[in-house]
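Trainee: Handing you this structure, nothing more for now.
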Amino acid sequence: MDLTYTEEEQDFRARLRAWLAKVLPELPAKPSPDDWPGRRAYDLGWQRRLYEAGYAGLHWPVDAGGRGATPTQHLIFLEETERAGAPYVGANFVGLLHAGPTIAAEGTAEQRARWLPPVLRGDEVWCQGFSEPDAGSDLASLRTRAVRDGDDYVISGSKIWTSHAEVADWCELLVRTDPGAPKHRGISWLAMPMDAPGVSVRPLRTLAGSAEFAQVFLDEVRVPVANRVGAENDGWRVTMVTLSFERGTAFVGEVVACRRTLGELARTAKANGRWDDPVLRRRLGRLYGEFGALWRLTQWNVSEAERSAGGVPGTGGSVFKLAYSHARQELYDTAAEVLGARSLSLEEEWTLDRLSSLSYTIAAGTSQIQRNIVAERILGLPKGR
Amino acid sequence: MDFQPTEDQKDLRAGVRDLLAGRYGREALRASVDTGASVDRALWRELGEAGFFALRLPESEGGVGLGLPEAVLVFEEAGRALVPGPLVATHLAAGVVPGAAAGKAVVSAFDLDGPLVAHLGEADAVLGASGVPAGEPVRSVDPLTPLHRVAVAGDASAYREAGALLTAALQLGSALRTVELAVRYAGEREQFGQPIGAFQAVKHLCARMLVRAEVARTAVYAAAVTGDAGEVAAAKLLADGAAVQGARDCLQVHGGMGFTWEADVHLHLKRAWVRAEQWRTAAQAQELLAQELLGSVEEAGQAG
Ligand SMILES: Cc1cc2nc3c(=O)[nH]c(=O)nc-3n(C[C@H](O)[C@H](O)[C@H](O)COP(=O)(O)OP(=O)(O)OC[C@H]3O[C@@H](n4cnc5c(N)ncnc54)[C@H](O)[C@@H]3O)c2cc1C
């Protein structure tokens, strides 16, 4: 058990830090949360800089255009970029963390050549069209239909909660290609251009007031069969490869950010006198301990991934997500306690963070679903009937 | 960085697990509950011979020369097996109290408020006092942790950091063990025509237990590696929570059986309660962490 970084890792960190110190002051001002074209341009601009400096696709395999970095280097990258206040992955999330890795793992040479370089260069944005109005936790029951017609699939149906749909060029789309097969066996994975005729996007307003996600309607959209990644009806397996790709690093930046917020909370509480309330003070102390442990759990998971290099990671991510999403909500509830009635004002940054933290126990697999995964796949408890 | 245990560390842990499975399995545990003999001097000596107490003593002083990371792995196993006796205090006394390192002496400590002392009647020495003070027996909640009230508290604060961390490791072992017990029972016991573990309400209790235990595990291991006071406090706080709440959830999963003397669940819960009061309580840990948090921003503020 060793928490010290190797010389190579320290060099990597030092070079990255120096680079960040140089480029961050040159960045344009952050666009407002409602300015979607502005956000797209900002996020892609940052990706372009990463690309030019050789940091794009750090954790992707080299033959997919990535840098083949170790999980620990990726951890350092995420930690340092967050520390330095660099832009979040934002609109590049699906391309870099879901669709891209899927194409890298399962795509043909032509598919990789077509789709991966634009993601790394910051030219194209992807979104994820998995969830449907009637298929959320039970994703495999999805009904969006794709019917083969010559060299095309003709697709009809609807996707929902699609983040960044308004500004995406491509959508990683799960469709049903065999309605007769058992639900996990009749699904295919397609890359759908968002400007194809028949695609319409209706923004959905979140409880935080902004339009972070959308419903996507598909009305006889034609997508070439050549855009299918993996075999027909093998889309469920292809998708599972994606979902397990992040190797324990999914929330690194966020944990670093939460720890910084906690420090700011303590400072504010000290200044406004609430620090003298032992109940609040201890709650902050506990959170400090918890987020410290969550940081260590990240390092633990990354070390595990590093040892099983190349292998598909385990289900430890569910344990982490359960603990983290709860701690994050607790953090912003505590922030509200520090602010008192001021927490009712939307001008407080923490109030917006509190609102968005409400999605953490829902998005990317609800806490209930995560507990099912932990109980059945880690603890080996029987499936319910 | 490689936070995972090394092969040597895994071997050490497996060795202690085997030793305890052979020497202090369930029957031995229940026998000590029945007789009320909490410290078994022969076992104590065997633990001593296996290096349990001398683990961190330098080789030049006849110890094993290992560090806190190895110690927490070994204490985790002792917690899992619910080995009774002042394991932590005797370990801390190695090199201080003659015979402690070899397991020839049983050493307790002033690690409880009250002032209460655990295992006073069986102790050859008490850390924080010169000699063994006189005390009035108190009926203890834990059948395997006899308690005495003494007139004047001693001071074992010099040992507090390591004491809190090793106690956290015991709690961690107990927490992990209660997950196993709950999962096993949930897979065997049937109601409504299916194993109760197929019911989500039960499944989710078990999942929560594991999440708490795994977070506590990394906190304990990390504190062992860094030795940082804040991380030790966090480890104790989280491991106390994982052990106490884990035992309660385990009890719930066992239904009426969980409320019996015969099931082991109550032994885990009662011991976890005792350990939660030792060295550093939740309130103390939270206060310490709060001060560290504030210190960290004030420092950053000055530096910036
Ligand atoms: C901010 C945000 C961004 C998102 N972005 C995307 C995106 O980009 N692309 C995309 O495809 N999806 C996205 N999602 C969708 C997300 O994956 C789903 O919301 C999630 O999987 C839950 O599905 P649902 O909303 O249909 O809820 P439901 O599945 O209807 O769940 C409702 C409630 O029932 C519970 N429940 C359901 N099944 C079970 C069960 N078996 N056992 C116990 N309880 C159960 C759930 O835990 C929940 O409490 C996003 C969601 C959010 C909140």
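Trainee: Inspect the stretch A:274-286 for any residue being more than 9 Å from chain B (Cβ to nearest Cβ), in contact (Cβ under 8 Å) with a residue 12 or more places away in the chain and open to solvent by 20 Å² or more (accessible area, probe 1.4 Å) and give the result as yes or no.
Mentor: Yes, some residue in the stretch A:274-286 is more than 9 Å from chain B (Cβ to nearest Cβ), in contact (Cβ under 8 Å) with a residue 12 or more places away in the chain and open to solvent by 20 Å² or more (accessible area, probe 1.4 Å).
Trainee: If you don't mind, another one. Show the residue pairs meeting these rules: Cβ distance below 7 Å; 6+ apart or different chains; first residue within the stretch A:125-138 and under 24 Å from A:Trp46 (Cβ atoms); second residue near the ligand (Cβ under 6 Å from one of its atoms) and assigned to a loop (DSSP other than H, G, I, E, B).
Mentor: From residues that are under 24 Å from A:Trp46 (Cβ atoms), there are no pairs.
Trainee: Kindly provide the set of residues from the stretch B:5-21 that are of a type in the set (Lys, Arg) and over 19 Å from B:Pro84 (Cα atoms), ordered by number.
Mentor: We begin by selecting, within the stretch B:5-21, every residue of a type in the set (Lys, Arg); these are B:10, B:13, B:17.
Matches in the stretch B:5-21: B:Lys10 only.
Trainee: Among the candidates A:Ala181, A:Ala105, A:Ala140, single out the residue that is small (Gly, Ala, Ser), within 16 Å of the ligand (Cβ to nearest atom) and more than 14 Å from chain B (Cβ to nearest Cβ).
Mentor: Working: A:Ala181 fails: within 16 Å of the ligand (Cβ to nearest atom); A:Ala105 fails: within 16 Å of the ligand (Cβ to nearest atom).
After applying the criteria, what remains is A:Ala140.
Trainee: Going through A:Gly365, A:Gly384, A:Gly380, A:Gly340 one at a time, which residue ends up being out of contact with any Asp or Glu (no Cβ under 6 Å at 6 or more places or on another chain), free of Cβ contacts under 8 Å to residues at least 24 places away in the same chain and either basic (Lys, Arg) or on the phi > 0 side of the Ramachandran plot (or both)?
Mentor: On the way: A:Gly365 fails: free of Cβ contacts under 8 Å to residues at least 24 places away in the same chain; A:Gly384 fails: either basic (Lys, Arg) or on the phi > 0 side of the Ramachandran plot (or both); A:Gly340 fails: free of Cβ contacts under 8 Å to residues at least 24 places away in the same chain.
A:Gly380 is the lone residue from the list that is out of contact with any Asp or Glu (no Cβ under 6 Å at 6 or more places or on another chain), free of Cβ contacts under 8 Å to residues at least 24 places away in the same chain and either basic (Lys, Arg) or on the phi > 0 side of the Ramachandran plot (or both).
Trainee: From the list A:Gly317, A:Gly365, exactly one residue is buried (at least 16 other Cβ atoms within 10 Å of the Cβ) and either in a loop (DSSP other than H, G, I, E, B) or away from the ligand (no atom under 16 Å from the Cβ) (or both). Which is it? Write out each step before concluding.
Mentor: Values: A:Gly317 fails: either in a loop (DSSP other than H, G, I, E, B) or away from the ligand (no atom under 16 Å from the Cβ) (or both).
Unique residue meeting the criteria: A:Gly365.
Trainee: Just checking: which of the helices (runs of 4 or more DSSP H) contained wholly in the stretch A:7-100 hold 2 or more residues that are without any contact (Cβ under 8 Å) to a residue 24 or more places away in the chain and closer than 26 Å to A:Thr162 by Cβ? Steps first, answer last, please.
Mentor: Numbers: elements: A:7-23, A:36-53, A:71-83.
Helices (runs of 4 or more DSSP H) meeting the threshold: A:36-53.
Trainee: Restricting to the stretch A:143-163, what's the tally of residues that are within 8 Å of the ligand (Cβ to nearest atom), surrounded by 23 or more Cβ atoms within 10 Å (Cβ to Cβ) and not β-branched (Val, Ile, Thr)?
Mentor: 1
Trainee: List the residue pairs whose Cβ atoms are under 9 Å apart, where the first residue sits in the stretch B:195-216 and is free of Cβ contacts under 8 Å to residues at least 24 places away in the same chain and outside any helix (DSSP H, G or I), the second is away from the ligand (no atom under 14 Å from the Cβ) and open to solvent by less than 20 Å² (accessible area, probe 1.4 Å), and the two are 6 or more positions apart or on different chains.
Mentor: B:Pro195/B:Ala186; B:Phe199/B:Ala186
Trainee: Within the stretch A:143-162, count every residue that is over 17 Å from A:Ala191 (Cβ atoms) and either among the polar types (S, T, N, Q) or within 27 Å of the chain's Cα centre (by Cα) (or both). I'd like the intermediate steps shown before the answer.
Mentor: We begin by selecting, within the stretch A:143-162, every residue over 17 Å from A:Ala191 (Cβ atoms); these are A:143, A:145, A:147, A:149-150, A:156, A:158, A:160-161.
Of the ones still in play, those that are also either among the polar types (S, T, N, Q) or within 27 Å of the chain's Cα centre (by Cα) (or both) are A:143, A:145, A:156, A:158, A:160-161.
Of the residues in the stretch A:143-162, 6 are over 17 Å from A:Ala191 (Cβ atoms) and either among the polar types (S, T, N, Q) or within 27 Å of the chain's Cα centre (by Cα) (or both).
Trainee: A further question follows. Test of understanding: among A:Glu166, A:Glu110, which residue is more than 10 Å from the ligand (Cβ to nearest atom), farther than 25 Å from A:Gly66 by Cα and either within 14 Å of another protein chain (Cβ to nearest Cβ) or in a helix (DSSP H, G or I) (or both)?
Mentor: Values: A:Glu110 fails: farther than 25 Å from A:Gly66 by Cα.
Answer to the check: A:Glu166.
Trainee: Among the candidates A:Arg185, A:Arg202, single out the residue that is closer than 30 Å to A:Gln329 by Cβ, surrounded by fewer than 16 Cβ atoms within 10 Å (Cβ to Cβ) and at pLDDT 95 or above. I'd like the intermediate steps shown before the answer.
Mentor: Working: A:Arg185 fails: closer than 30 Å to A:Gln329 by Cβ.
Checking each option against the conditions leaves just A:Arg202.
Trainee: It is to be established whether one or more residues within the stretch B:238-257 are over 24 Å from A:Phe291 (Cα atoms), away from every other protein chain (no Cβ under 12 Å) and either of a type in the set (Val, Ile, Thr) or in contact with a Cys (Cβ under 7 Å, 6 or more places away or on another chain) (or both).
Mentor: Looking for residues that are over 24 Å from A:Phe291 (Cα atoms), away from every other protein chain (no Cβ under 12 Å) and either of a type in the set (Val, Ile, Thr) or in contact with a Cys (Cβ under 7 Å, 6 or more places away or on another chain) (or both), one finds none in the stretch B:238-257, hence no.
Trainee: Turning to a different aspect of this structure: Evaluate the following for A:Ala105: is it without any contact (Cβ under 8 Å) to a residue 12 or more places away in the chain, surrounded by fewer than 23 Cβ atoms within 10 Å (Cβ to Cβ) and among the aliphatic types (A, V, I, L, M)?
Mentor: Working: without any contact (Cβ under 8 Å) to a residue 12 or more places away in the chain: no; surrounded by fewer than 23 Cβ atoms within 10 Å (Cβ to Cβ): yes; among the aliphatic types (A, V, I, L, M): yes.
No; evaluated as a whole, the condition is false for this residue.
Trainee: Out of (1) out of contact with any Lys or Arg (no Cβ under 7 Å at 6 or more places or on another chain); (2) open to solvent by 40 Å² or more (accessible area, probe 1.4 Å); (3) outside any loop (DSSP other than H, G, I, E, B); (4) more than 20 Å from A:Ala257 (Cβ to Cβ), what's the single condition that is false for A:Lys383?
Mentor: Tallying (1) out of contact with any Lys or Arg (no Cβ under 7 Å at 6 or more places or on another chain); (2) open to solvent by 40 Å² or more (accessible area, probe 1.4 Å); (3) outside any loop (DSSP other than H, G, I, E, B); (4) more than 20 Å from A:Ala257 (Cβ to Cβ), A:Lys383 fails exactly one: (3).
Trainee: Go through B:Val253, B:Val225 for me and flag whichever is in contact with a Pro (Cβ under 8 Å, 6 or more places away or on another chain) and in contact (Cβ under 8 Å) with a residue 60 or more places away in the chain.
Mentor: On the way: B:Val253 fails: in contact with a Pro (Cβ under 8 Å, 6 or more places away or on another chain).
On inspection, the qualifying residue turns out to be B:Val225.
Trainee: Just name the residue that is nearest to B:Gln284 (Cα to Cα) out of those in the stretch A:247-273 that are at the interface with another protein chain (Cβ under 9 Å from one of its Cβ atoms) and of a type in the set (A, V, I, L, M).
Mentor: Ranking the candidates gives A:Ala266 first.
Trainee: Could you list, in sequence order, all residues of the stretch A:164-179 that are open to solvent by 20 Å² or more (accessible area, probe 1.4 Å) and among the acidic types (Asp, Glu)?
Mentor: If the condition is that a residue be open to solvent by 20 Å² or more (accessible area, probe 1.4 Å) and among the acidic types (Asp, Glu), then A:Glu166, A:Asp169, A:Asp178 are the ones that fit.
Trainee: Suppose we keep only residues that are open to solvent by 40 Å² or more (accessible area, probe 1.4 Å) and near the ligand (Cβ under 8 Å from one of its atoms) within the stretch A:368-380. Which one would you say is nearest to A:Glu132 (Cα to Cα)?
Mentor: Start the filter on the stretch A:368-380 by keeping residues that are open to solvent by 40 Å² or more (accessible area, probe 1.4 Å), which leaves A:368-369, A:376-378, A:380.
From the residues that got through so far, the ones that are near the ligand (Cβ under 8 Å from one of its atoms) too are A:368-369.
Numbers: A:Gln368: 19, A:Ile369: 17 Å.
By that ranking, first place goes to A:Ile369.
Trainee: Could you tell me which of the residues B:Ala201, B:Ala229, B:Ala233 is within 14 Å of chain A (Cβ to nearest Cβ), at pLDDT 95 or above and open to solvent by less than 10 Å² (accessible area, probe 1.4 Å)?
Mentor: After ruling out the rest, the residue left standing is B:Ala233.
The values are calculated or read from the model by the stated rules, or taken from the named source; none is laboratory data. Just so it is clear, the model here is predicted, and its values are computed rather than measured. For neighbour counting, all protein chains shown are included, and Cβ atoms are generated from backbone atoms with ideal geometry for every residue, glycine included. The protein model used for the area step is the full one, side chains on, heavy atoms only, and it has no ligands, DNA or RNA in it. Shrake-Rupley method; radii C 1.70, N 1.55, O 1.52, S 1.80 Å.
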